[in-house]
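Encoded as structure tokens, the structure appears first; notes follow it.
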């Protein structure tokens, strides 16, 4: 996103759930056929409200496989739960919330993780959930190449009915939040019978979460309250319905009309629009680092002028970020660091010599970067070896703030002799381009990881393990730039293998010096993450004073924490 914070990255991830997934339709539902958004027709919850969540661009594809990168949004944490919940907005030393796990311990060198599993939990089909299911899930990932994307997933060992031991092939302290907070436990009695866990659409999901599958259409899908959920008295709502939205304007119109209860959309002048609607509230919790993603690595097959570091440096210097914030991001944009650690949260982890990205353009410096690399100006556009400096930027149709940003960048880059060709595409095409490397530039955001530590941005977006050659099938939310540097990989290994803050800091400083010089992702700014709530039917959403979860509707498993804490309005 991203996992990203406005309709573009707020509903970016919601929309992206339809990308590349298996299409399907299973109409015929209680909540989708005639029920009003304020009522529930699920058994045992007729008096509890059903809320409507704004989703991405349709049609939805019926994919409820928790192992799929294209799974529907309200699956992770909502239907299938992890062992613990880590809140990325809390300090790095904040203890996670126990879910299917109750406690965990590391051995001294960070290679063995012992987990106590909660007892008394049932799958939604009534079968008891035990430590065997946890061990099975990790074994399934470890033994399935497509799921074991890093090659370093832990091996599991069942110690007893409530204890699992995970063994890593190297010191892996930094993998703790991913393993504990982003591994979604599946039932052995069902998934052991699935022939291909990678492509399985899992149309009838069985999980331990607060909600169960009710119905699906290509325009909406509905979840109903799990009456046997292990957290007593939760959830406090009868169900959730997710609806398709065509873009920012549709999200705005439906929210103001009271037809959406929970969404993350980029809405300009929000304070003015809701000033006479006390039931409508919002939060701004920006963490997404918007950037131009470049296919940067010619050795892995990237083609185009953007493979030249001098061109990327010129783009970096030629941006007027203040103008971008004003015109495209509703004056809510904040300075970003080319170190790609958050300037406020992570300042102590940013190498002191690395300044934040310039807020206004330095046209002379941008031109000098090109001229020093052998580019010559002709008819207002720089060229080299007879080839004009022309670059395409892919942006998703309907994402108005990103579209405005690209149009603004086109004008800004014209001033430094670079021609920009905007390309509006579907979210499927956008994701496919990132996955295969068939692009020059795309506008996107580097999302945060499972815990408040810059390690996860570096590991997801800059490690060699997180990418693939052009034409391959890289994860569209990881290292799509194809960046690869042995020194960065080595520094990541040192950071992952230590709980010592100083060792981690030194590793991050080394990484930052390399990536801020190479700029495979050209930073724009830190965008806002606007999340809107309608409190007329339910209360309990996060507030400025109680950020018990990252509130974005697209963020999983964070959105599960929000949904499970909602209660009917007085």
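The values are calculated or read from the model by the stated rules, or taken from the named source; none is laboratory data. Since the structure is predicted, the reported quantities are computational estimates derived from the model, not experimental observations. A quick note on method: Cβ atoms are made from the backbone with ideal geometry, for glycine too, and the neighbour counts reach across all protein chains shown.
Determine if region 266-287 includes at least one residue that is at pLDDT 95 or above, buried (at least 24 other Cβ atoms within 10 Å of the Cβ), over 20 Å from residue 57 (Cβ atoms) and out of contact with any helix residue (DSSP H, G or I) (no Cβ under 6 Å at 6 or more places or on another chain).
no
Specify which of the listed residues (15, 23) is at pLDDT below 85, touching a strand residue (DSSP E or B) at 6+ places or on another chain (Cβ under 9 Å) and outside the structural domain of residue 153 (by TED's automatic domain parsing).
Among 15, 23, only 15 is at pLDDT below 85, touching a strand residue (DSSP E or B) at 6+ places or on another chain (Cβ under 9 Å) and outside the structural domain of residue 153 (by TED's automatic domain parsing).
Take the conditions more than 22 Å from the chain's Cα centre (by Cα), surrounded by fewer than 22 Cβ atoms within 10 Å (Cβ to Cβ), modelled with pLDDT of 95 or more and within 30 Å of residue 567 (Cβ to Cβ) and apply them to residue 257. Does it pass?
Spelling it out, residue 257 is indeed more than 22 Å from the chain's Cα centre (by Cα), surrounded by fewer than 22 Cβ atoms within 10 Å (Cβ to Cβ), modelled with pLDDT of 95 or more and within 30 Å of residue 567 (Cβ to Cβ).
I'd like the residue in region 288-307 that is part of a loop (DSSP other than H, G, I, E, B) and surrounded by 20 or more Cβ atoms within 10 Å (Cβ to Cβ) and, out of all such residues, is modelled with the lowest pLDDT.
Ranking the qualifying residues of region 288-307, first place goes to 288.
I'm trying to understand the selection: among the residues of region 191-205, which are under 13 Å from residue 146 (Cβ atoms) and crowded, with 16+ Cβ neighbours inside 10 Å?
The answer is 197, 200.
Within region 234-246, how many residues are in a loop (DSSP other than H, G, I, E, B) and at pLDDT 95 or above?
5
Applying the selection to region 526-549, what residues are assigned to a loop (DSSP other than H, G, I, E, B) and surrounded by fewer than 24 Cβ atoms within 10 Å (Cβ to Cβ)?
Result: 535, 536, 537, 540, 541, 542, 544, 545, 547, 548.
For region 45-60, give me the residue count where each residue is assigned to a strand (DSSP E or B) and modelled with pLDDT of 95 or more.
Qualifying residue count, region 45-60: 4.
Inspect region 325-334 for any residue being more than 30 Å from residue 245 (Cβ to Cβ) and buried (at least 22 other Cβ atoms within 10 Å of the Cβ) and give the result as yes or no.
The answer is no; no qualifying residue exists.
Among (1) modelled with pLDDT under 95; (2) within 22 Å of the chain's Cα centre (by Cα), where does residue 185 come up short?
(1)
Would region 460-478 turn up any residue that is touching a strand residue (DSSP E or B) at 6+ places or on another chain (Cβ under 7 Å) and over 29 Å from residue 348 (Cβ atoms)?
no
Restricting attention to region 496-514, does a residue exist that is buried (at least 23 other Cβ atoms within 10 Å of the Cβ), assigned by TED's automatic domain parsing to the domain that holds residue 432, modelled with pLDDT of 95 or more and part of a loop (DSSP other than H, G, I, E, B)?
no
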